[in-house]
Amino acid sequence: MVFPLLFAKKVEFRFKFTKFAQFLKFNMSSLRNIAIIAHVDHGKTTLVDKMLHQAQLFRDNQEVGELILDNNDLERERGITILAKNVSVNWKGTKINIIDTPGHADFGGEVERVLNMADGVLLLVDAFEGPMPQTRFVLQKALSLGKKPIVVINKVDKPNCDPDKTHDEIFDLFFNLGANEDQLDFTTIFGSGKNGWFGPDYKTPTSDLTFLMDTIVEVIPEPHIEEGNVQLQITSLDYSSYTGRIAIGRLKRGHLKENMPITLVKRDGKLERQRVKELYTFSGLGKMKTNEVFAGDICAITGIENFEIGDTVADFENPEALPTMKIDEPTMSMLFAINNSPFFGKEGKHVTSQKIRERLYKETEKNLALKVEDTNSADQFLVFGRGIMHLGVLVETMRREGYELQVGQPRVILKEIDGKKYEPVEILTVDVPEHHSGKVIEYVSQRKGEMLSMLPKGDMVRLEFEIPSRGLMGLRNNLLTATQGEAIMAHRFKDFEPWKGPMPTRINGVLISKEKGISTGYSMDKLKDRGNYFIHPGTDIYTGQIVGEHIKPGDLVLNLCTAKQMTNFRAAGKDDNTVLAPPREFTLEEAMEYIQEDEYVEVTPENIRLRKILLDENERKRAGSKAGLA
Ligand SMILES: Nc1nc2c(ncn2[C@@H]2O[C@H](COP(=O)(O)OP(=O)(O)OP(=O)(O)O)[C@@H](O)[C@H]2O)c(=O)[nH]1
Ligand SMILES: [Mg+2]
């Protein structure tokens, strides 16, 4: 009786094996991994949302908001994507993993990293704006990593757009970036993400995204599977209050199972024996628990401790690491200090240096381009990032979590090469109506910008400059004022170049409060010809706080807290009919760009205040004369 049993086992095994092979084949050939890349605001997230809709992830009557993917508060408020996100749709039996990426230049490092998970990219370009600085940057990364591109000329619904011209410009861009023959032969799709259609021709709108989805399956190659044992590079992370940190990456080789022992190869080559707990693959907007993951798919793993982005999850016995990823160097630094203003601790929950330090170091675990250094003072930390917005988003997040802190003037990072000083330089484009172009050129030139080109763009002109990063600080605000809000500005880091010499700083001085107290309409009205206020009457202010901009160079200390002498009893409690211009209100990033070396931005959950570092007028004078002597 032994023989038939063995035979039966064998048959069962073969059956299982064939099933497994079929499953594997099915899984491989019906999988696509794509990243959506573009310049900021060219419509990536809107497109991904529509793809989710097209794949009918939402029941017809289900209420879903706009841009469900930009799901954190800051993303919603700013209308931009900050963190790359993974979603997945099923299209006619093919699973398409989609990675939405941020378009803002400060988060460019995020894009480069997540490209690791994709085999192809959808390069979105706004049909009106054409290729912009960040289009160039992300395309360059995708091409150099050998990703298969599909060009999507988006927003063809915009009036005055020129999809054909945009197409030609994109071709030139591919060519200039050294695309290979295959890449140059890219497929182009036209349409409007917002209006929910794409097709081969912009003149004849289709009714949905079928053409786009079909093209993805047809053009983007299926994942190439290498032979070998488990290899997965951790490219992103997620948190769950139940399971803690979750590692996300694409399984390059091998086969992962629940509860499987693995070796974690750290970026520095150290090996840690660990165990996978749970496994998830992406499904729609969420994750689906699974007991195994096959090579080619993107997955999330719980149970791995102490990992960093860039580490490799490898075979338990014979671990082989994947090459470490290059991480963008910071280009800017900013001092973070505990709040020591007279209003310390009034508005925040977390105010101590220990709390702030902990929070900053915790951030570096997931925010790769961010670095934190201790300083000589226990109350101050130096934080390095990729730009004003990168640092601003961190400060804003902390403030919303209840932190109170102060930040100093952001500084660009300089390098010394062959004994010479080098500074970061960027490519800047400004789109403005032609009659404003003179003013833009004047402002940019003052800040050591050199014009590279000037081309008509619809009824506007596009000016392109090369400018030191230093010169960009506060420039947006100046240009908006000079062009009645019409200038559209975009910039992107180019390289380090020899130091371009001193640059004019803020021309006007500031108005500084002499007193601690409540600002009165009476005194503000009396002194209103001295400058423009940053505060309303009735605001709590302190000595040394910056309350406005002086109309002239040089700072002016003034008292805004005097109440009107009550000569007439009936007038008591009334602040007369003073008419004051509304104060200038700063966003956090505007404030960061506005302050000078001897000033701080005080940030609390409730307020953003500008102040002198030295609050006392005499101390400032002494420090000033010392600096003058030096
Ligand atoms: N006219 C028009 N507007 C669109 C279209 N697609 C998106 N938009 C608008 O463009 C703006 C930016 O869209 P998003 O989808 O957030 O752009 P994004 O590329 O994800 O932006 P970032 O993540 O910040 O880089 C939004 O106001 C959209 O409503 C389109 O096809 N036509
Ligand atoms: Mg987006």
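Each reported figure results from applying straightforward, stated rules to the coordinates on display, with no laboratory input. On a predicted model such as this, the values are computed, not experimentally measured, just so you know. When we count neighbours, we look across all protein chains shown, and the Cβ atoms used for this are built from the backbone with ideal geometry, even at glycine.
To check you understand DSSP bridge types, tell me what percent of the beta bridges within the chain (both residues inside) are antiparallel, rounded to 5.
Values: 108 of 135 bridges.
Just about 80 percent of them are antiparallel.
Scanning residues 5 or more positions from Ser283 or on other chains, those with amide H under 5 Å from its amide H are Ser88, Met288, with H placed 1.01 Å from N in the peptide plane. If you bin all the Cα-Cα distances of the stretch 288-393 at 5 Å, starting from zero, the percentages per bin are 2, 9, 15, 17, 15, 12, 10, 9, 7, 3, 2, 1. Restricting the calculation to Cα atoms, the stretch 474-539 shows an Rg/Rh of 1.14 when the hydrodynamic-style radius is the Kirkwood one. Measure nothing fancy, just the Cα-based angle from helix 163-176's long axis to the longest principal axis of the chain, in degrees from 0 to 90, nearest 10. For helix 163-176, the angle is close to 80 degrees.
Applying D = kT/(6 pi eta Rh) to the stretch 415-498, where Rh is the Kirkwood radius over alpha-carbon pairs, T corresponds to 37 °C and eta to 0.692 mPa s, the Stokes-Einstein value obtained is 251 µm²/s.
Per-residue Karplus couplings for the stretch 89-106, computed as 6.51 cos²θ - 1.76 cosθ + 1.60 with θ equal to phi - 60°, are listed in order as 10, 10, 10, 6, x, 9, 8, 10, 7, 10, 10, 8, 10, x, x, 5, 4, 4 Hz, Gly and Pro entered as x. Near Phe586, once Lys and Arg are set to +1 and Asp and Glu to -1 for all other residues with Cβ below 15 Å from its Cβ, the sum equals -3. Backbone amide hydrogens, once placed in the peptide plane, bring Thr539 within less than 5 Å of Ser519, excluding anything fewer than 5 places away on its chain. Whole-Hz Karplus values for the stretch 200-206 come out as x, 9, 7, 7, 10, x, 9 Hz, taken residue by residue from phi with 6.51 cos²θ - 1.76 cosθ + 1.60 and θ = phi - 60°; glycine and proline positions read x.
Coupling constants for the stretch 125-133 follow from the phi torsions by the Karplus curve (6.51 cos²θ - 1.76 cosθ + 1.60, θ = phi - 60°), and in residue order they are 9, 5, 5, 8, 6, x, x, 10, x Hz; glycine and proline get x.
Among 614-627, 438-451, how do they line up by average Cβ neighbours within 10 Å per residue, starting with the highest? Present the calculation step by step, with values, prior to reporting the outcome.
Working: 614-627: 12.9, 438-451: 17.4.
With the highest mean Cβ count within 10 Å placed first, the list reads 438-451, 614-627.
The residues packed around Glu278, meaning those with a beta-carbon under 13 Å from its beta-carbon, carry a net charge of +3 if Lys and Arg are +1 and Asp and Glu are -1. Give the angle, between 0 and 90 degrees and rounded to the nearest 10, that separates the Cα long axis of helix 353-366 from the longest principal axis of the Cα atoms of the chain. It works out to around 40 degrees.
The Cα atoms of the stretch 384-430 define a convex hull whose projected area, averaged across directions, is 5.0 nm². Peptide packing: for 455-461, 124-130, 522-528, 371-377, the average count of neighbouring Cβ atoms within 10 Å per residue gives the ranking 124-130, 522-528, 455-461, 371-377, highest mean first. Straight-distance candidates among the lysines for linking to Lys147, with alpha-carbon spacing under 22 Å and chain neighbours fewer than 8 residues away dropped: Lys44, Lys85, Lys95, Lys252, Lys326.
The C-alpha atoms of the chain define a longest principal axis, and helix 210-219 lies at about 70 degrees to it.
For the pairs Lys50/Lys92; Lys50/Lys155; Lys289/Lys362, flag any whose C-alpha to C-alpha distance is greater than 18 Å.
Working: Lys50/Lys92 16 Å; Lys50/Lys155 14 Å; Lys289/Lys362 28 Å.
In this structure, Lys289/Lys362 exceed 18 Å between Cα atoms.
Put simply, the stretch 288-339 fits an ellipsoid with semi-axes of 33, 17, 12 Å; these come from the alpha carbon gyration tensor as the roots of five times its eigenvalues, largest first.
Convex hull volume of the Cα atoms in the chain, per residue, in Å³? Don't jump to the answer; show the numbers that get you there.
Values: hull volume 137.0 nm³, N = 630.
Dividing the Cα hull volume of the chain by its residue count gives 217 Å³.
Binning all Cα-Cα separations of the stretch 447-486 at 10 Å, short to long from zero, yields these whole-percent fractions: 27, 51, 22, 0. Please report how far the C-alpha centroid of the stretch 389-467 lies from that of the stretch 185-240, rounded to the nearest whole angstrom. The two parts, judged by their Cα centres, are 33 Å apart. If you take all other residues with their beta carbon under 15 Å from the beta carbon of Val432, and give Lys and Arg +1 and Asp and Glu -1, the sum is -3. The stretch 69-107 and the stretch 254-332 have Cα centres lying 21 Å from one another.
With respect to the cross-link table entries Lys194/Lys366; Lys500/Lys626; Lys420/Lys448; Lys148/Lys420, which display a Cα-Cα separation exceeding 30 Å? Don't skip to the end; give the middle numbers.
Details: Lys194/Lys366 32 Å; Lys500/Lys626 27 Å; Lys420/Lys448 19 Å; Lys148/Lys420 41 Å.
With Cα atoms farther than 30 Å apart: Lys194/Lys366; Lys148/Lys420.
Across the stretch 231-314, counting alpha-carbon atoms alone, Rg and Dmax equal 11.5, 36 Å.
Using all pairs of distinct alpha-carbon atoms, the Kirkwood hydrodynamic radius of the stretch 23-219 works out to 16.8 angstrom.
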